[in-house]
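> Quick one: the structure is below, questions incoming.
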Protein chains: 2
Amino acid sequence: MAATIKDIARKLSISTSTVSYALNGGPRSVPEEVRVRVLAVARELNYRPNQIARSLITRRSNTIGVVPTEASINLAVTPYFQGVLNGILNTAEILGHDVLVYTRYDVEKPDAFVDTLLDGRADGLIFLAPKIDSHALNRLAAEIPFVVTSDERRNAPNFGCDNASGVRKVVDHLVSLGHTRIGHLAGNLEMADGIDRCEAYKGALASHGLPICEDWLFEGHFTSQGGYNAGQHVFATKNRPSAIFCANDDSALGLLRAAWEKGVRVPDEISIVGFDNSPVSSASFPPITTVRQPLEEIGAAAMTALVNFIETQQRPDGISFETELIVRDSTTRPQEDI
Amino acid sequence: MAATIKDIARKLSISTSTVSYALNGGPRSVPEEVRVRVLAVARELNYRPNQIARSLITRRSNTIGVVPTEASINLAVTPYFQGVLNGILNTAEILGHDVLVYTRYDVEKPDAFVDTLLDGRADGLIFLAPKIDSHALNRLAAEIPFVVTSDERRNAPNFGCDNASGVRKVVDHLVSLGHTRIGHLAGNLEMADGIDRCEAYKGALASHGLPICEDWLFEGHFTSQGGYNAGQHVFATKNRPSAIFCANDDSALGLLRAAWEKGVRVPDEISIVGFDNSPVSSASFPPITTVRQPLEEIGAAAMTALVNFIETQQRPDGISFETELIVRDSTTRPQEDI
DNA sequence: ATGAAAGCGCTAACAT
DNA sequence: ATGTTAGCGCTTTCAT
C-alpha cells in the first residue's frame with residue numbers, strides 16, 4: 001500500500017497539516033528542522049503525492065484536454081493533427097502540464113462525450129478543427145475554458161491560419177504562370193478549413209475574372225485516398241483543368257499518384273498545388289508546390305493562450321497566422337503556352 | 001457551482017447512496033420509479049459526475065499514460081511515435097479509455113518524473129521505446145502495471161518487431177543484388193531499436209562472409225538531419241559503400257537528400273534502404289526500399305495487453321511482430337556489375 | 001508555531 | 001428496500 005501523508009505524520013508524531021506544508025513549501029511556514037525530517041521520512045516510506053486527491057480540493061489537474069476533430073480512427077497519422085499536437089506537447093512540457101487526448105466520441109450520444117470532457121480531469125480544452133455541434137460547444141463555454149484551432153466560426157478563441165490570403169497566393173501564382181482553367185480538390189466540407197479554402201478559391205478566381213466551373217470542383221476529404229479517387233475521375237475526362245489546387249498535401253499526393261498511374265505528367269500536363277507544407281510535400285516526386293501554415297505554432301499558441309485563460313479567467317484573443325507560398329516543381333506554365 | 005449527488009439527493013429527499021446507485025445502475029438495485037426521478041433531476045440540475053472524486057475511491061481513472069521516449073521536443077513529428085500512438089488511440093477508443101501523454105521529463109530529476117507517473121491519474125503506462133534508466137523502470141514495476149514498446153531488454157512485456165529478421169531480409173536483398181560493400185546508417189544507439197538493428201546488420205554481414213568496415217558505419221540518430229549530415233561525409237569520400245542500410249526512413253530520406261545535392265544518383269551510384277515503411281518512404285523520389293514494421297499494430301497490441309494487465313493483474317506476454325521487406329526503386333545492382 | 005478537524009464528491013460497507 | 005456514515009488522500013480553516 002502506498003504511503004500517505006498520514007503515515008508520515010504518524011511516524012513523526014506530528015499533524016498532517018504540518019506534513020502537507022512541509023512537503024509543499026507553504027503556504028504556512030515550517031521550521032527547517034521539521035521540514036528536513038518530513039522529507040526524510042517521505043523518502044524512506046517511498047511517499048508519492050496523490051494528484052487525484054489534490055485535484056479534488058484544488059480543482060486543478062495541471063492537465064489539458066485535447067479533443068480531436070472527431071475522436072476518430074487514425075487521427076494520429078494526419079499531418080494536421082501531428083503538427084498541432086507537436087506544438088501542444090512542446091508547450092505543455094514548458095508550462096508544466098500534461099496532455100489528455102480524449103477518444104470515445106460517440107456520435108449517438110454527444111452528451112455523454114461532453115460529460116467526460118467535464119469530469120474534472122482537465123483544466124481546459126483544446127478542440128482541434130472541431131466538427132462537434134456548435135450547440136454543445138456553447139453549452140461548454142459556461143463550464144470550462146477552451147480554445148479552438150482552425151475554425152473561426154466558433155464563438156471561441158481561434159488559432160489557425162489565414163486561409164483566404166493563403167489561397168489567394170496559390171491562385172495568383174497559377175494565374176501568373178498563365179493558368180486560366182484552375183480546378184479545386186476540396187477538403188472535408190464539414191470542417192472550417194475545407195469550407196474556407198473552397199470559398200477562398202472561388203473568390204480568388206472571381207477576382208481574376210476567371211469562371212468557376214463546377215466540373216472542376218472535387219471533394220478529396222483531406223485524404224490521400226480521396227485525392228486518388230478524384231484523380232481517377234479527373235484524368236479520365238477530356239475537358240480537364242490545367243491546374244488543380246488541393247485543400248491539403250495528403251490529398252494532393254493521392255492526386256499525384258493517380259496522375260502517375262494514368263500517365264499524366266506533372267507538372268507538364270497538369271499543375272498541382274497542395275496546402276500544409278507537410279513532410280511528404282517536399283519528399284515527393286515531384287516536390288509539391290504548397291502553402292505553409294505554421295501548425296506547430298498554432299498548437300503552441302493555442303496551448304499558451306489556454307493556460308493563460310485558465311489562470312486569469314480572462315478569455316484570450318485568437319491568432320490568425322500568416323501563410324507562405326512555397327513554390328516547388330509540381331507547378332509550371334500550362335501546356336498550351338509551351 | 002456544479003451540481004453534485006448531494007444536490008440531487010436533497011432535492012428528492014432521498015439518500016446520496018440511492019442517487020449513486022440509480023446513476024450507476026448498481027451495484028444495488030433501485031426501483032424503476034426512483035431511478036427515473038433521479039435521472040430527471042440530474043438532467044434538470046445539469047449534473048455531471050466528477051471522475052476525480054470517483055477515482056479517489058475506485059482507484060481507477062480509465063486513463064492510460066503514454067510516456068514518450070524522452071518527453072522530448074518534437075516527438076509528434078516522428079513516424080514511430082505517430083504510428084504507435086495511432087494504434088494506441090484507436091484501441092483506447094474501443095476499450096473506453098483516454099490517453100494521457102506525459103511530458104515534463106527532466107533529466108535532472110528523474111525521481112520527480114516517476115512521481116508524476118504514479119500520481120493516480122493513469123491506471124497503467126506504456127513506455128514508448130524507453131530511454132529512461134532501467135533502475136527507475138524496475139522500481140515502477142511494484143507500483144503500476146506497464147508495458148513497453150520496441151525494447152526487449154527491459155524486464156517488461158514488450159511490443160515491437162523482429163529487428164533481427166527484418167535486417168536480415170535487407171542484407172539478403174542487397175547481397176542477392178550483388179552488393180558486397182554494405183554500410184549502415186545507425187539509429188540512436190541509446191535506444192534498443194538502434195542497437196538491435198546495428199547488431200543485426202553486423203551479424204547478417206558476417207553470416208554472408210562479408211567484412212564489417214568501421215568506416216561504413218555512421219550514426220544518423222533516426223533523424224533526417226542526422227542522415228543528411230552523414231551523407232555530407234559519405235559522399236565526399238572515395239572509398240564508399242555501394243549500398244547503405246539506414247535504421248529508419250527519416251534518416252534514409254536525409255541521406256537521399258545529401259546524395260541528390262552531391263550529384264550522387266540513387267540507386268545507380270548507391271543503393272539506399274530504410275526501415276519503417278513510413279508515408280514518406282513511398283512518396284519520395286525514388287521511392288525507398290524499406291522494411292515494414294506494423295507500428296499501429298504494435299501500439300494496439302500494447303494497449304490491449306496493458307488494459308488486460310490492469311484488469312486481471314496478470315502480467316501479459318509481449319509480442320514480436322514480423323516484418324516485411326518492401327522493395328522499391330532505391331536499390332539496384334552495384335555499379336561495377338552493370 | 002502547531003494540531004484538530006472539516007470537507008472536496010463520490011462509493012460502499014454497515015445499519016435499519 | 002433505503003438511509004447513515006465512514007472514508008479515499010489531501011488542503012486549509014479554525015482553534016490552541
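> Do we have B:Gly124 as more than 22 Å from A:Ala42 (Cα to Cα), of a type in the set (Gly, Ala, Ser) and either modelled with pLDDT of 85 or more or not assigned by TED's automatic domain parsing to the domain that holds B:Gly226 (or both) here?
yes
> While we're on this one: Is there any pair with a first residue in segment A:3-24 that is at negative phi and among the charged types (D, E, K, R) and a second that is away from DNA strand C (no atom under 11 Å from the Cβ) and part of a loop (DSSP other than H, G, I, E, B) whose Cβ atoms are under 8 Å apart and which are 6 or more apart or on different chains, and what are they?
A:Asp7/A:Leu45; A:Asp7/A:Tyr47; A:Lys11/A:Leu45
> Taking B:His173 and the conditions (1) surrounded by fewer than 21 Cβ atoms within 10 Å (Cβ to Cβ); (2) not assigned by TED's automatic domain parsing to the domain that holds B:His184, which numbered condition does it fall short on, given that it satisfies the others?
Tallying (1) surrounded by fewer than 21 Cβ atoms within 10 Å (Cβ to Cβ); (2) not assigned by TED's automatic domain parsing to the domain that holds B:His184, B:His173 fails exactly one: (2).
> Something else now. Which condition does B:Val67 not pass, out of (1) outside the structural domain of B:Asp133 (by TED's automatic domain parsing); (2) under 30 Å from B:Ser224 (Cβ atoms), if it passes all the others?
For B:Val67, the exception is condition (1).
> Still on this model: Which of the following residues is farther than 20 Å from B:Gly263 by Cα and in a strand (DSSP E or B): B:His184, B:His173, B:His179?
Among B:His184, B:His173, B:His179, only B:His184 is farther than 20 Å from B:Gly263 by Cα and in a strand (DSSP E or B).
> Mind listing whichever residues of segment B:192-227 are polar (S, T, N, Q), surrounded by 15 or more Cβ atoms within 10 Å (Cβ to Cβ) and over 25 Å from the mean Cα position of the chain (by Cα)?
If the condition is that a residue be polar (S, T, N, Q), surrounded by 15 or more Cβ atoms within 10 Å (Cβ to Cβ) and over 25 Å from the mean Cα position of the chain (by Cα), then no residue fits.
> Continuing with this model, one more query. Considering only residues that are outside any helix (DSSP H, G or I) and among the β-branched types (Val, Ile, Thr), look in segment A:136-170 and name the one that is farthest from A:Phe81 (Cα to Cα).
Out of the qualifying residues, it is A:Ile144.
> Taking segment B:47-61 only, how many residues are at the interface with chain A (Cβ under 9 Å from one of its Cβ atoms) and either of a type outside the set (Gly, Ala, Ser) or out of contact with any helix residue (DSSP H, G or I) (no Cβ under 7 Å at 6 or more places or on another chain) (or both)?
Matching residues across segment B:47-61 total 8.
> Still on this model: Just give me the residues in segment A:116-142 being over 13 Å from A:Ile64 (Cβ atoms), within 14 Å of another protein chain (Cβ to nearest Cβ) and of a type in the set (Gly, Ala, Ser), in sequence order.
If the condition is that a residue be over 13 Å from A:Ile64 (Cβ atoms), within 14 Å of another protein chain (Cβ to nearest Cβ) and of a type in the set (Gly, Ala, Ser), then A:Gly120, A:Ala136, A:Ala141, A:Ala142 are the ones that fit.
> Which numbered condition trips up A:Phe81, out of (1) aromatic (Phe, Trp, Tyr); (2) within 10 Å of chain B (Cβ to nearest Cβ); (3) within 12 Å of DNA strand D (Cβ to nearest atom)?
With respect to (1) aromatic (Phe, Trp, Tyr); (2) within 10 Å of chain B (Cβ to nearest Cβ); (3) within 12 Å of DNA strand D (Cβ to nearest atom), A:Phe81 is out only on (3).
> Another question, then. What pairs come up if the first residue lies in segment B:272-295 and is away from every other protein chain (no Cβ under 13 Å) and in a loop (DSSP other than H, G, I, E, B), the second is among the aliphatic types (A, V, I, L, M) and buried (at least 22 other Cβ atoms within 10 Å of the Cβ), and their beta carbons are under 7 Å apart, counting only those six or more places apart or on different chains?
Pairs that qualify, where the first residue is away from every other protein chain (no Cβ under 13 Å) and in a loop (DSSP other than H, G, I, E, B) and the partner is among the aliphatic types (A, V, I, L, M) and buried (at least 22 other Cβ atoms within 10 Å of the Cβ), are B:Phe275/B:Ala247; B:Phe275/B:Val291.
> Of the conditions (1) within 14 Å of chain B (Cβ to nearest Cβ); (2) touching a Lys or Arg at 6+ places or on another chain (Cβ under 9 Å), A:Asn74 satisfies every one except a single condition; which number is it?
For A:Asn74, the exception is condition (2).
> Enumerate the pairs (first residue in segment A:178-195 and closer than 26 Å to A:Phe81 by Cα; second residue anywhere and of a type in the set (D, E, K, R) and crowded, with 22+ Cβ neighbours inside 10 Å) with beta-carbon separation below 7 Å, excluding pairs fewer than 6 apart on the same chain, so at least 6 apart or on different chains.
A:Gly187/A:Asp193; A:Gly187/A:Arg197; A:Ala192/A:Asp151
> Further question: So for segment B:227-234 (the condition being within 14 Å of chain A (Cβ to nearest Cβ) and closer than 18 Å to B:Pro79 by Cα), does at least one residue qualify?
Yes, segment B:227-234 contains a residue that is within 14 Å of chain A (Cβ to nearest Cβ) and closer than 18 Å to B:Pro79 by Cα.
> Is it the case that B:Leu306 is touching a residue at least 12 places away in the same chain (Cβ under 8 Å) and within 26 Å of B:Thr180 (Cα to Cα)?
So B:Leu306 fails the test.
> If you don't mind, there's one more thing I want to ask. Looking at segment B:101-113 only, could you name the residues that are at pLDDT 80 or above and facing chain A (nearest Cβ under 8 Å)?
Matches in segment B:101-113: B:Val101, B:Tyr102, B:Thr103.
Listed here are the residues, each with its yes/no results for (1) modelled with pLDDT of 90 or more; (2) more than 10 Å from DNA strand D (Cβ to nearest atom).
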residue	(1), (2)
A:Val36	yes, yes
A:Ala42	yes, no
A:Leu45	no, yes
A:Asn50	yes, no
A:Arg54	yes, no
A:Thr58	yes, no
A:Thr63	yes, yes
A:Val66	yes, yes
A:Ser72	no, yes
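> Here's a follow-up. Restricting attention to segment B:22-46, which residues are near DNA strand C (Cβ under 7 Å from one of its atoms) and either within 14 Å of another protein chain (Cβ to nearest Cβ) or among the aromatic types (Phe, Trp, Tyr) (or both)?
Of everything in segment B:22-46, those that are near DNA strand C (Cβ under 7 Å from one of its atoms) and either within 14 Å of another protein chain (Cβ to nearest Cβ) or among the aromatic types (Phe, Trp, Tyr) (or both) turn out to be B:Leu23, B:Asn24.
> Does any residue of segment B:278-294 turn out to be polar (S, T, N, Q) and surrounded by fewer than 24 Cβ atoms within 10 Å (Cβ to Cβ)?
yes
> Mind checking whether some residue in segment A:282-303 is at pLDDT 95 or above and of a type in the set (Lys, Arg)?
yes
> May I ask you to list pairs of residues, at least six apart or on different chains, whose Cβ atoms are under 6 Å apart, with the first in segment A:38-64 being over 25 Å from B:Arg54 (Cα atoms) and the second being among the hydrophobic types (A, V, I, L, M, F, W, C) and within 13 Å of DNA strand D (Cβ to nearest atom)?
Pairs found: A:Val38/A:Val19; A:Val38/A:Ala22; A:Val41/A:Ile8; A:Ala42/A:Ile8; A:Leu45/A:Ala3.
> Could you list, in sequence order, the residues of segment B:12-21 that are β-branched (Val, Ile, Thr) and either near DNA strand C (Cβ under 6 Å from one of its atoms) or not assigned by TED's automatic domain parsing to the domain that holds B:Glu44 (or both)?
B:Thr16
The values are calculated or read from the model by the stated rules, or taken from the named source; none is laboratory data. In this text, all values refer to a predicted model and were calculated from it rather than measured experimentally. FYI the Cβ positions are ideal-geometry reconstructions off the backbone, even for glycines, and counts take in every protein chain you see.
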